[in-house]
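One structure is given below, encoded as structure tokens.
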Amino acid sequence: MKWLRARTRWVVLPVAAGGALTLAGSAFAHAEVSPPVVVSKKTEFFTLAVPTEKENAATTKVELTPPSGFAIDSFAPTTGWTREAQTTGTGENTVIQKVTWTGGKVPTEEDAVFQFLASTDAAKTYSFKVRQTYSDGTVVDWTGPESSDTPAPTIEAKSSLGGGGSGTTLAVIALVVGALGLVAGGIALVAAGGKRTLA
């Protein structure tokens with residue numbers, strides 16, 4: 001658990017500034033939780049984005065109810081918003097049942113963005129409940145089926161990504177090593193050329 005907390009600080013701090021901002025959204029966007037596909041039982045960094053679609057009104061409150069088996073560990077700070085979590089249990093057995101963000105004001109065609117570290121306990125589809133409140137009192141429940149106007153955000157947890165995660169990491173390492181090799185080779189050629197000129 002100590003390692004996880006240390007990792008939490010390392011991951012959240014660089015991204016916190018981004019979480020404090022709003023993102024420009026397209027018309028008729030949906031509330032989303034990303035990444036859409038994760039590895040089960042692995043701690044991931046998630047983002048909840050809720051679009052402000054109503055004209056002449058701002059998003060002032062967002063409530064997130066995570067599904068059973070989706071465990072939120074910690075949150076990135078979000079400037080301008082106050083966060084309140086409803087929990088059960090204590091210590092390492094604490095379970096976050098609902099999170100409410102208030103105090104912000106996100107205008108039309110922008111997204112309210114909230115970020116947190118969490119993990120899933122099994123390989124399956126997880127469906128979230130999101131309630132959005134506008135400055136004029138309008139409430140939108142993002143809890144419908146995928147084909148509806150207000151679909152519930154979902155993610156898919158898999159037992160593995162077919163080596164995609166580790167493969168991606170190895171590919172990045174290979175690219176970095178390759179780039180360093182090219183740089184070193186270039187330096188060697190320049191040095192050799194310089195010596196020939198001097199001779």
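Laboratory data are not the source of any read-out in this text; all were calculated from the coordinates shown. Since the structure is predicted, the reported quantities are computational estimates derived from the model, not experimental observations. Glycine gets a Cβ as well: all are built from the backbone with ideal geometry, and neighbour counts include every protein chain shown.
The table that follows gives values for the structure above.
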{"quantity": "Spin-label model distance (nm) - ALA58 vs SER127, 7 Å beyond Cα toward Cβ", "calculated": "3.4"}
{"quantity": "Cβ crowding within 10 Å averaged over residues, with 126-132, 34-40 ranked highest first", "calculated": "126-132, 34-40"}
{"quantity": "Along each principal axis, Cα extent of segment 111-164, largest first, Å", "calculated": "47, 26, 19"}
{"quantity": "Most to least packed among 112-124, 139-151, 80-92 [average Cβ atoms within 10 Å]", "calculated": "112-124, 139-151, 80-92"}
